[in-house]
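> Can you keep this structure in mind? I'll have questions shortly.
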Amino acid sequence: MDTVRFTAGEPAVSITRVEPGLWQALDDGRLAGRGEATARPDGRVFLSIDAWHRSVFDQLAREMLAALPDALHTVVDETDRELLDGWQQAGLTIRRREWEYVVPTDPPGIGLVSPPPAVTFLPAGSAEEAPLRELDRVVRAEVETSVGWSEMPAEVLPRPAGDTVVDPSKYAVAVEDGEYVGLVRVVQVTRLPRIGLIAVRADRQRRGIARGLLLHTLGVLHRAGITKASAEVNEANTAATALFEGIGARRTASTVELMRHGR
């Protein structure tokens with residue numbers, strides 16, 4: 001357990017690393033803040049700090065960054081200007097931005113949607129597990145060899161090492177000639193269902209499969225009495241942005257991922 005006493009700033013605090021990924025700031029024995037470093041499933045380390053005073057945040061950030069030599073990341077709501085400024089003052093820079101959308105489940109023309117020739121859609125809970133997992137491995141490998149999986153939304157999901165399909169019942173799929181070629185995952189993480197991933201094999205893209213699968217999935221939600229869903233899209237992903245905005249999704253907020261490169 002390492003403890004460092006800071007006397008500059010207001011209030012003065014003692015910073016203690018109580019566990020490998022956990023720091024506490026104490027002000028005269030009272031908890032004034034805490035910081036965490038968490039390794040996500042893809043190996044990236046994300047930081048978070050909860051402090052009552054900006055100077056306590058600054059002291060925790062300084063101590064954590066000095067103790068961790070690796071590349072480090074954090075995610076901030078872009079409207080939280082004080083937190084964003086705190087991380088930037090600590091030396092992190094904006095790496096990427098994600099737009100948050102509210103997606104209507106009954107966009108105009110949804111009743112006229114038909115799948116591309118020879119393609120059928122299976123609703124969530126209908127996919128066979130083995131071909132679903134194989135499709136997931138294929139599309140993730142394709143992403144990794146193109147833009148890189150680190151450009152996709154940074155999700156924290158409990159899963160066995162090397163396995164990215166946590167719950168097969170959350171996936172709807174597109175099938176062509178008996179082969180799984182596209183998938184969409186919908187999870188209920190808040191009051192709104194969230195579209196966490198939509199992907200189509202590289203050799204089957206630009207044929208309307210992604211749009212058809214998305215509209216099919218939204219239709220299932222709408223028939224269940226759900227009027228809207230949410231989604232996150234990397235601002236650099238112009239295809240995904242066009243897909244969601246083309247069906248009437250409304251941009252509501254944004255988050256930024258900040259990064260400090262390893263030393």
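> Please specify each residue of region 245-260 satisfying the condition of being more than 21 Å from D77 (Cα to Cα), open to solvent by 10 Å² or more (accessible area, probe 1.4 Å) and assigned to a loop (DSSP other than H, G, I, E, B).
The one that is more than 21 Å from D77 (Cα to Cα), open to solvent by 10 Å² or more (accessible area, probe 1.4 Å) and assigned to a loop (DSSP other than H, G, I, E, B): G248.
> May I ask you to list the residues in region 40-83 that are touching a strand residue (DSSP E or B) at 6+ places or on another chain (Cβ under 7 Å), among the small types (G, A, S) and closer than 21 Å to T16 by Cβ?
Within region 40-83, S48, A51, A61, A67 qualify.
> Does D42 satisfy the criteria of being among the acidic types (D, E), touching a Lys or Arg at 6+ places or on another chain (Cβ under 6 Å) and surrounded by fewer than 17 Cβ atoms within 10 Å (Cβ to Cβ)?
Working: among the acidic types (D, E): yes; touching a Lys or Arg at 6+ places or on another chain (Cβ under 6 Å): no; surrounded by fewer than 17 Cβ atoms within 10 Å (Cβ to Cβ): yes.
Spelling it out, it is not the case that D42 is among the acidic types (D, E), touching a Lys or Arg at 6+ places or on another chain (Cβ under 6 Å) and surrounded by fewer than 17 Cβ atoms within 10 Å (Cβ to Cβ).
> Here is a list of conditions, (1) within 16 Å of the chain's Cα centre (by Cα); (2) open to solvent by 40 Å² or more (accessible area, probe 1.4 Å), and R206 meets all of them except one; can you say which number that is?
The failed condition is (1).
> Can you tell me which residues in region 150-182 are modelled with pLDDT of 90 or more, under 28 Å from W99 (Cβ atoms) and among the hydrophobic types (A, V, I, L, M, F, W, C)?
Once the filter is applied, which keeps residues that are modelled with pLDDT of 90 or more, under 28 Å from W99 (Cβ atoms) and among the hydrophobic types (A, V, I, L, M, F, W, C), region 150-182 yields A172, V173, A174, V181.
> Would you confirm, using the coordinates I've provided, whether W23 is out of contact with any Phe, Trp or Tyr (no Cβ under 7 Å at 6 or more places or on another chain) and modelled with pLDDT of 95 or more?
yes
> Could you grab me the full set of residues in region 87-137 that are among the hydroxyl-bearing types (S, T, Y) and open to solvent by less than 40 Å² (accessible area, probe 1.4 Å)? Break it down into steps so the answer makes sense when it comes.
Pass one, region 87-137, residues among the hydroxyl-bearing types (S, T, Y): 93, 101, 105, 114, 120, 126.
Across region 87-137, the qualifying residues are Y101, T105.
> Could you tell me which residue of region 214-244 is farthest from I195 (Cα to Cα), considering only residues that are polar (S, T, N, Q) and in a loop (DSSP other than H, G, I, E, B)?
N237
> Here's another thing I want to ask about it. Being under 21 Å from W99 (Cβ atoms) and open to solvent by 60 Å² or more (accessible area, probe 1.4 Å) is the filter here, so list the residues in region 223-236 that pass it.
Passing the criteria: T227, K228, E232, E235, A236.
> Can I ask one more? Looking only at region 167-194, how many residues end up being open to solvent by 10 Å² or more (accessible area, probe 1.4 Å) and either farther than 12 Å from L132 by Cβ or in contact with a Cys (Cβ under 8 Å, 6 or more places away or on another chain) (or both)?
11
> Looking at region 23-120, what strands (runs of 3 or more DSSP E) fall wholly within it and have at least 1 residues that are more than 27 Å from T238 (Cβ to Cβ)?
Where strands (runs of 3 or more DSSP E) fall fully within region 23-120 and carry at least 1 residues being more than 27 Å from T238 (Cβ to Cβ), they are 30-39, 45-51, 72-77.
The values are calculated or read from the model by the stated rules, or taken from the named source; none is laboratory data. A quick note: this is a predicted structure, and the numbers were derived from the prediction, not measured. Backbone-built Cβ (ideal geometry, glycine too); neighbour counts: all protein chains shown. These area figures cover heavy atoms from the full protein model, side chains too; ligands, DNA and RNA do not enter into them. Shrake-Rupley method; radii C 1.70, N 1.55, O 1.52, S 1.80 Å.
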